[in-house]
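Here is the structure we will look at.
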Amino acid sequence: MANIGTFDEIRGNDGGDAARPEFGALGRWITDTPPAELDRRQKAAEAAFRQLGITFAVYGEEESSERIIPFDIVPRVFTAPEWDRLSEGLVQRVQAINAFLSDVYGERRIIADGIVPPELVLNNPQFLPTLAGTQPPHGIFAHICGIDLVRTGPDEFYVLEDNARTPSGVSYMLENREAMLRLCPELFEMFAVRPVDTYPDLLHETLRSVAPRGSGNSPVCVVLTPGHFNSAFYEHSFLADSMGVELVEAADLHVDDDVVWMRTIEGPVRVDVIYRRIDDEYIDPLVFNPDSVLGVPGLIAAYMAGNVTLVNAPGTGVADDKAIYSYMPEIVKYYSGGEAKLPNVETYRCREPQALRYTLDNLEKLVVKLVDGSGGYGMLVGPTASKAEIETFRAALIAQPHRYIAQPTLALSTVPTLTESGVAPRHVDFRPFILSGANGVQIVPGGLTRVALREGSLVVNSSQGGGTKDSMILAGPARQSMGSGGMSQSMGGMSQSMGGGMSQSMGGMNQSLGGTSQSLGGTTRGIA
Amino acid sequence: MLSRTAASLYWVGRYVERAEFTARLIEATIRLDSLSPRPAGEGAWESALLVTAANDAFSASGEERSPANVSRYLTLDRSNPSSIRACLDAARGNARAVRTALSREAWEAINRAWLGLRDRSSVSGGPGTLTLVETLKAEARGFEGAVHRMLRNEGSWFLMLGAAIERADNTARLIDVKYHLLLPEGELVGGVIDRDQWTTILHTVSAVNAYRLLYPNGLRPGQVADLLIMRGELPRSLAASTDEVVNLLNLIGKRTGRQGEADRLARQRQNALNRATIQGVIASGLHEYLSAFIIENGRIDQAISQQFRFA
C-alpha cells in the first residue's frame, strides 16, 4: 500500500499543482496568495492563540510547560457527499461502541456468542469489574467519542483509533475556525462552509439529556478538570465557559450519602452531570488509585447509586483499547446487523502466534503499537525507524506479544501545508467528535485535522511535533458571490442529488460561472 | 459561584491592583530620584522599599541599595512578593485557574501583561523601567475596563472587592511611610525636597491635579493627608476604598443571601471614618491611626475569606 502514489486531498492523485476540480478555487487561492502573506496570517493566528492561552504541555519537557500547537493556515476541506458518507459510518460505529459497553457491563452476550474472546474484555486493565451490572442513566456510556480517521484515496477512509474515554482537541476545532474566519474571510466567500460553533450548545444539550431521572428540568452540569497544570486545561475551561457551566476541581466537590455536591459561596449545590476530564484511574481514590488527589472520594458510589451521570461513564476504555479495536468490524456487525461502513486499518494481533510471526518478519514495513499506549508514545514506525529501534521493539514483542498490535504503513493522504520552503504536501489525519445523548447521536460538521509538519513524517501527535488545521465541511459546491437565499437552497438540493462523478462537471461549471444570477439560474435548471 | 472561584477572583483583583501600585510607586520614585540631589535620591528608593514592606528582605539579599538594584528588585525579582513580576505571576496563576469566570478581555489583559514581562531579565536602566511601568499601567487600565464590562454579578464584584481591599492597604502604607513629613501640622511645606516628596506621594496615587483642584491654597501636609484619607472623591483614598468595600459586600450579600462578619466590620470602619476629622487623626497620632487601619483591613480580609469559605 505504501508504494501507491500518495493521495492529496486538495490536489488529487496526479501530484501536479492543479487542484481537484471541486476545489479549483482553493487551489488558485493557494497558488495566488504569496507564501509571505500566508506566513503573516499564520503568525497572527499563533500570536492570538498565545494571547488567549491556548496552550498544552508536553510531558517530560521542562522548558515547554506552555506551548501552543502549531497552526497551519491552509485548510483541509471535505465535500458534502464525503462528509455525508463519513457521518453515516461514524454514527454506526459510535452506536456499536455504546451497545458493546452496555453489553460487557451487562449481559455479555457478545462474549457468550463467541465474537470477542472473554479474556480480552474481562482481563483488560481498562475493564472495571466493580461496575459490572451498573448501567449509566439512559444507558449511554460513551457520550463523547473522538474517532481518528485516516484517508488513502478519494473514497478510502479508515478508522485508525477510537477514543471513547476523554477525547480532547475539540477546542482546536473551534478556535482554528475562529482564526480562519478572521484571517482568511475570502475562503468563506468562496465556499459555503458549515458552522462548527454549535458544538458547545450541542454538548450542553447532550449533558442535560443524560441527567439522572428526577433531577428536574434544569439539571446542574459541571466540567471536572484535574486543574490548571493539566495539559488540556485550556480546553476544559473553554468548554465550561462556552456552555456557561462551572469548571470544578475535585476539591470543589464532595459526596454525601451518595449525592454529589459542589462548594459554592451560597452553600452546597447538588450536581447532576459531571463532564469529567480526569481518567478513570484517578477519579475516585476510594475505588481506584488511593493516592489520587485529583479524584472525588465516593464519586463511583454516587454513580452506581444512579445519583449522578459521569460523562463519559467510567470503564469505557475497554471499548477503545487497541486490542479490542481489531475486533471492531465484528463488533459493529454484531450490534448493527450490517457491515461496518467505516473499515478498520488491517491489524495484526500479536497475541496470535501467526500474526506475531508475520509482524516480526516485517517490522521494517509495519507500524507497531502498544495496546495501551497513547499520544504517539510506545510506537514503532517501521519504515522510518533506525535498526536499533527496530531491534528494541523486536525484543519487546517477543517478551510480551500480547501488549502489541501491528498495522501496515498506510500512504496517508496529504494536504498542502505552509512550510519553510513554501506550500508543500504534508500527511494528515482527522478526528471528528460524536455526541451521544438521550435523544440520539449528533456530529458537528467539522473536527480536528492534525498534520505531521515534518516532511514525510506520518506521526501527527501534538506531543511529537504535529500541528493542526481548520477542517471545513462544505454545505454544497463552491458558493457564488451573488447567491441569494432561494438559489443556495436549490444549490444544496443539487449537491445532495449529485454522485461522485458529477462533482467533476460541477467544478468545471464553477469556473465558467461569472457569478451572475441569470447564468447560475440557467445552469441550475440544466443540471436538475 | 464556587468558593474557590470567588477566592481566585478576589486574589486576581488584589494582585493586579498591587502590581499597578508598585508600578506607580516606581514611576514616582524615579521622578523623585531624578529631581533630588544626592543622597536624597537614594532615600527615595529606600522609602519605596519601605512602602512595599520589602526593606528587610532587600537588606537580607546583601545587594547594594543602588537605584538600579532597587528598581530591578521591585519590578522583576521573583523573591520579592510585591514585585510586579511576582504579582503578575500570582494574578495570572489565579486567573488561569478560574478563567471561565473572567471575560476573554479581562483574561487577555492579564495574560498580555504577563507575557510582556515573562522573558525580561533586566530593565535596562531608568528609561527601560519607565517603558515597562507605562505598559503595565496600560494593561492594568485595560483589565479594569474589561472588569467593568463583565456581567454585574459575583464575578466582577469579587474582582473589585479584592482590588478595593488591596488599594486601602497600599494607600495606607504609602501615607504611613511618609507620615513624619506631615509634621508639623498646618505649616506650609518648606524646601524643595519636601515639596518633591509630597508631589511624589500625589503622583503615586495619580492625584496631583486633583489636589490642586480641591485645595487651591498650595501644598500643605495636613491637606494631603485629608485628601488621601478622608476625601471620598479620590478613588485611591482610604474613604473611597472603605465605601467601595461596603457597597460590594452589599451587592454580593443581596445576590447570594450571605452577609456576616465582613459586612459588619466594613460598615463599622465606614462609620468610624465618617465621624473622624483629619485634625483629630493627626492630633492623636497619624502613624498609630494608619497602623490600626492596616490591621483592621487585614481583619476584614480574613472575615471575607471566612464568610465566603475561601479556604
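The values are calculated or read from the model by the stated rules, or taken from the named source; none is laboratory data. This is a predicted model, so every value here is computed, not measured. In this analysis, Cβ positions are derived from the backbone assuming ideal geometry, glycine residues included, and neighbour counts consider all displayed protein chains.
Go through (1) more than 14 Å from chain A (Cβ to nearest Cβ); (2) within 21 Å of the chain's Cα centre (by Cα); (3) touching a residue at least 40 places away in the same chain (Cβ under 8 Å) and name the single condition B:Ser122 misses.
(2)
B:Arg31 passes all but one of (1) in contact with a Lys or Arg (Cβ under 9 Å, 6 or more places away or on another chain); (2) over 22 Å from B:His148 (Cα atoms); which number fails?
Condition (1) is where B:Arg31 drops out.
So which residues in the stretch A:254-269 are closer than 23 Å to B:Gly253 by Cα and of a type outside the set (Asp, Glu)?
Within the stretch A:254-269, A:Trp261, A:Met262, A:Arg263, A:Thr264, A:Ile265, A:Gly267, A:Pro268, A:Val269 qualify.
Scan the stretch A:228-268 residue by residue and report those that are within 17 Å of A:Gly169 (Cα to Cα), facing chain B (nearest Cβ under 7 Å) and either assigned to a loop (DSSP other than H, G, I, E, B) or touching an Asp or Glu at 6+ places or on another chain (Cβ under 9 Å) (or both).
A:His228, A:Ala240
Suppose we filter the stretch B:148-176 for residues that are surrounded by 22 or more Cβ atoms within 10 Å (Cβ to Cβ) and without any contact (Cβ under 8 Å) to a residue 24 or more places away in the chain; how many remain?
Adding up the residues that qualify gives 1.
Report yes if some residue within the stretch A:414-437 is modelled with pLDDT under 95, in a loop (DSSP other than H, G, I, E, B) and surrounded by 17 or more Cβ atoms within 10 Å (Cβ to Cβ); otherwise report no.
No - not one qualifying residue is present in the stretch A:414-437.
Going by the structure shown, is B:Ser8 under 30 Å from A:Thr264 (Cα atoms), surrounded by fewer than 24 Cβ atoms within 10 Å (Cβ to Cβ) and within 14 Å of chain A (Cβ to nearest Cβ)?
No, not satisfied.
How about the stretch A:269-324: which helices (runs of 4 or more DSSP H) wholly inside it have at least 1 residues that are aromatic (Phe, Trp, Tyr) and crowded, with 24+ Cβ neighbours inside 10 Å?
A:299-304
For the stretch A:73-103, name all the residues that are farther than 30 Å from A:Gly27 by Cα and not polar (S, T, N, Q).
A:Val91, A:Arg93, A:Val94, A:Ala96, A:Ile97, A:Ala99, A:Phe100, A:Leu101, A:Asp103, listed by residue number.
Inspect the stretch A:205-222 for any residue being within 14 Å of chain B (Cβ to nearest Cβ), closer than 17 Å to A:Thr166 by Cβ and surrounded by 17 or more Cβ atoms within 10 Å (Cβ to Cβ) and give the result as yes or no.
Within the stretch A:205-222 (the criterion being within 14 Å of chain B (Cβ to nearest Cβ), closer than 17 Å to A:Thr166 by Cβ and surrounded by 17 or more Cβ atoms within 10 Å (Cβ to Cβ)), the answer is yes, since at least one residue qualifies.
Given the options B:Ala86, B:Ala19, name the one that is modelled with pLDDT of 90 or more, closer than 30 Å to B:Met150 by Cα and surrounded by fewer than 24 Cβ atoms within 10 Å (Cβ to Cβ).
Answer to the selection: B:Ala86.
Picking from B:Tyr215, B:Tyr211, which residue would you name as being modelled with pLDDT of 85 or more, aromatic (Phe, Trp, Tyr) and surrounded by fewer than 20 Cβ atoms within 10 Å (Cβ to Cβ)?
Just one listed residue meets the conditions, B:Tyr215.
List the residue pairs whose Cβ atoms are under 7 Å apart, where the first residue sits in the stretch A:163-191 and is over 26 Å from A:Gly476 (Cβ atoms), the second is among the small types (Gly, Ala, Ser), and the two are 6 or more positions apart or on different chains.
Sorted first by the residue in the stretch A:163-191, then by its partner, the pairs are A:Asn163/A:Gly146; A:Ala164/A:Ala142; A:Ala164/A:Ala319; A:Arg165/A:Gly317; A:Pro167/A:Gly146; A:Ser168/A:Ala232; A:Gly169/A:Gly146.
Select from the stretch A:248-258 the residues that are within 21 Å of A:Pro212 (Cβ to Cβ) and either surrounded by 17 or more Cβ atoms within 10 Å (Cβ to Cβ) or in contact with a Phe, Trp or Tyr (Cβ under 8 Å, 6 or more places away or on another chain) (or both) and list them in ascending order.
Those that are within 21 Å of A:Pro212 (Cβ to Cβ) and either surrounded by 17 or more Cβ atoms within 10 Å (Cβ to Cβ) or in contact with a Phe, Trp or Tyr (Cβ under 8 Å, 6 or more places away or on another chain) (or both): A:Val248, A:Ala250, A:Asp252, A:Leu253, A:His254, A:Val255.
Pull up the stretch A:264-287, narrow it to residues that are free of Cβ contacts under 8 Å to residues at least 24 places away in the same chain and over 30 Å from B:Phe158 (Cα atoms), then point me to the one that is nearest to the chain's Cα centre (by Cα).
A:Glu281
For a quick check of your reading: which helices (runs of 4 or more DSSP H) sit entirely within the stretch B:203-311 and have at least 2 residues that are within 14 Å of chain A (Cβ to nearest Cβ)?
B:238-256, B:261-275, B:286-307
If only one of A:Ala411, A:Ala399 is more than 30 Å from A:Arg20 (Cβ to Cβ) and of a type in the set (A, V, I, L, M, F, W, C), which one is it?
On inspection, the qualifying residue turns out to be A:Ala399.
Search the stretch B:259-284 for residues that are more than 13 Å from B:Asp243 (Cα to Cα) and pair each with any residue that is of a type in the set (Ser, Thr, Tyr) and modelled with pLDDT under 95 when their beta-carbon atoms are under 6 Å apart and the residues are at least 6 apart or on different chains.
B:Val281/B:Tyr289
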